[in-house]
Amino acid sequence: MAYTYMLLCADRTLYVGSTTDLERRMTEHRVGLGSEYTRHRLPVELVWYEQYDDVTHAFDREKQIQNWSRAKRLALIRGQLGDLPRLANTSRTPHPLPPPE
């Protein structure tokens, strides 16, 4: 199994990654052993993930989402998949993420 995932960082930015072991990778991120980006933005929270049978697909999806605007990423997190085509042409202007419930 492989996963593509998004984290909400303490500074409200979104980090996109992929891994073959989501639980292990989340532990690494939470204790500061994850990516350089997240270790300076702790704490982090897992806000979305997808599961794949092949690590190549997870990595390709990671790269795809990394090129998306914040608005498009937020729509994916919220499950608003119908909004994704419309958001494909928006600028990369930041949009606030509502506080966690």
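The values are calculated or read from the model by the stated rules, or taken from the named source; none is laboratory data. Computed from a prediction, not measured in an experiment: that's the story for all the values here. Virtual Cβ from ideal backbone geometry, glycine too; neighbours counted across all protein chains shown.
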Is it true that L74 is more than 16 Å from M1 (Cβ to Cβ), assigned to a helix (DSSP H, G or I) and of a type in the set (A, V, I, L, M, F, W, C)?
-> yes
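Would you mind finding the one in T93, T20 that is modelled with pLDDT under 95 and hydroxyl-bearing (S, T, Y)? Reasoning before the result, please.
Numbers: T20 fails: modelled with pLDDT under 95.
Testing whether each residue is modelled with pLDDT under 95 and hydroxyl-bearing (S, T, Y) leaves just T93.
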Inside region 29-60, can you point out the residues that are in a helix (DSSP H, G or I) and surrounded by fewer than 18 Cβ atoms within 10 Å (Cβ to Cβ)?
-> R30, E36, Y37, R39, V55, T56, H57, F59, D60
R30 within 14 Å of the chain's Cα centre (by Cα), within 22 Å of L74 (Cα to Cα) and of a type in the set (D, E, K, R) = no
Got a number for residues in region 49-90 being at pLDDT below 90 and over 16 Å from the mean Cα position of the chain (by Cα)?
-> 8
Residues (assigned to a helix (DSSP H, G or I), in contact (Cβ under 8 Å) with a residue 12 or more places away in the chain and among the acidic types (D, E)) located in region 1-28 = none
